[in-house]
Every structure is written in structure tokens, then in C-alpha cells.
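Novice: Let me begin by handing over the structure; questions about it come next.
The values are calculated or read from the model by the stated rules, or taken from the named source; none is laboratory data. What you see is a predicted model; the values in this text were computed from it and never measured. Protein only, heavy atoms only, side chains kept; ligands, DNA and RNA dropped before computing areas. Shrake-Rupley method; radii C 1.70, N 1.55, O 1.52, S 1.80 Å.
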Amino acid sequence: MIRQTVTNVMHSDDAKTKAAMTYNAAADHFDHPVSSFWHRFGRRTVERLDLQAGERVLDVCCGSGGSALPAANKVGVDGAVVAADLAGRLIDLARAKAEDQRLNNIEFRVDDMLALGYSDHSFDAVVCVFGIFFVPDMSEAVRELWRMVKPGGRLAITTWGPNLFEPANGAFWEAIAGERPDLHRAFNPWDRISEPDGLRQMLAEAGIHEVDLLTESGKHPLNEPEDWWKIAMGSGYRGTLEQLDTDAFQRVRQGNLSRLFEERVAEIETNVIYAIATKIEPRSR
């Protein structure tokens, strides 16, 4: 048991380090207009939460503020938002936007969502958009987030649905396999919960059995193949690209983009699942 616990901690620490390195590198492309879906799905998550003025919100894996900034606007000057992410460069982007919007009700933290240190029932809403699947033990992470939700409060988990970024995703990994088979992925982290049944099961393992799920099918336009490369450079794919030498990087880029040009790919799939769970208030005696 002790050995297993130590192994889990090592895997968790390794995952955190990789996530931070990947998204700090990706920060230079993360907010490029071609990747507008980050903010679109963040806004939609907040809309589904129906936040009220004066509420207190925790947004983990907040990125550059796609859901944290809309949440801060919704709860108003009497409310408060805490936005946390492992990637300090993404937090810098979010903080700059908050300053531009003169939002004084938002606190930013470069921190791990599993070690924030808040007491039970600290927030009216806890939000995690496109981040829960990076944690090796997702159920453990959800239990920690759920712990911080007040009775009557809500937890929002938004994740990718099936076939994310296809057909560009498949072309990307085919190009990687041709250069560095050791870096090729047979599946993506979000595949574990990319179907409603899998997401429900994971939440049930965390002790959440009543959840409102909404699946949303979508397509994201590409005006040219180069748009896809900007998306890859500003997303989790960057972690793989950072491990290539200069020549291999250029060959992967050219092979990926040539495939999209030849197949006249003008859009990629962006399917999403929104999950909202409300913590039942204890009955008064």
C-alpha cells in the first residue's frame, strides 16, 4: 500500500510538471484568434452555471481566463473569483485581461488544484474546463473540488467529446510517428471521459451520482492548414513538439500541413460534454 501511494504521488507530480511545461510553452499561441474555442466553451460553461451576483467561485485549470473572466463579470463587485493554474504564463495572460477589463474581484494563483488549501464548503461554484483529464486520478481530483462546494452550490466539469480535432489530430500523430515513434500517442488524456457514460462513471467514483450532462457537437473552421498548426502550437500538442529537434519539427509541420492541404480540410471537430452537479443541502431536523 505504501509503495502504491508513493508511485501515485510520483505519477501525479510528473503529470503536473509536464502540464506546466507544456502550457507555459503554448502560452505564446494560446490566445491566437484561431483558437477562439477556449473562450467560447469557457463562456458556455459559465452560462450553464447561472451564477448570481455576490457568489464566490473557484476556477481551476483556468488557462488564460476563458471561464474565470466571464464568471467574475457575472458575480459582480460583491462576488469573488479565485482562478488557479499550474502554468504561470497563462495566468499572466489572464491577469492582463482582467486588468484591461478593470475586474477587481478576481484573484489569480499559480498553483495545483489539489493543494489550494481552502476549507470545506468555501465556494458557491467550482469550475474546471478542459483540465480534469490531465490528473492521473480524476476521481480523486473531483472529490477534492466537490469538497470545496457549499451545500446548494454547483460543480462544473467541461471536457472534450469524441474525435477531438479530427481529421487534423490523426494527421498530426501520423507525422509524429514517422519521426519519433516513441512520442506517438495511441490515445489522448481526455479519451478516458470523452463519452457521457465514461464521464458519469468517473463522477460516480468521486461520490457524485446526480449530474446534469449536456453533449454538444461542433465544428471549428480552418481558413487554411496553417490555422491548425497555430492551434497545435497553442495547446497540449505543444508538449510533444517541444521534444523534437529543429529538423524533425519542420518535417512534422510540413507533413501535417501537406496532408490537410491535400485532403482540403476546412474544419475540425470540437465536440464537448458539459457536466453540472449540484450539492444537495442537508435537510434540517
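Novice: Pairs to check: Lys97/Lys279; Lys18/Lys219; Lys74/Lys97; Lys219/Lys279. Give those whose C-alpha atoms are more than 24 Å from each other in this structure. Intermediate values should be presented prior to the final figure.
Specialist: Numbers: Lys97/Lys279 32 Å; Lys18/Lys219 28 Å; Lys74/Lys97 16 Å; Lys219/Lys279 33 Å.
Pairs exceeding the cut-off: Lys97/Lys279; Lys18/Lys219; Lys219/Lys279.
Novice: Could you point to the label whose value was computed as Rg and Dmax of the Cα atoms in Å for the structure here, given (1) 23.1, 86; (2) 19.1, 70; (3) 22.2, 82?
Specialist: From the options (1) 23.1, 86; (2) 19.1, 70; (3) 22.2, 82, the structure gives (2).
Novice: How many percent of the accessible area of region 24-100 is carbon or sulfur, using a 1.4 Å probe? Please report the intermediate quantities before stating the final value.
Specialist: Values: 1420 of 2940 Å².
The computed percentage sits at 48.
Novice: Next question. If DNA, RNA and ligands are ignored and the probe is 1.4 Å, what is the ranking of Phe134, Phe37 by accessible area, most exposed first?
Specialist: Largest accessible area first, the list is Phe134, Phe37.
Novice: Could you state the accessible area per residue of region 157-245 in Å², with a 1.4 Å probe and every protein chain left in place?
Specialist: Details: 4080 Å² over 89 residues.
Heavy-atom accessible area per residue stands at 46 Å².
Novice: Would you check the accessible area of Glu174, probe 1.4 Å, heavy atoms only, in square angstrom rounded to 10?
Specialist: 110 Å²
Novice: Let me ask you something else. Of all the accessible heavy-atom surface of region 210-255, with the other protein chains kept in place and a 1.4 Å probe, what percent is carbon and sulfur?
Specialist: 42 percent
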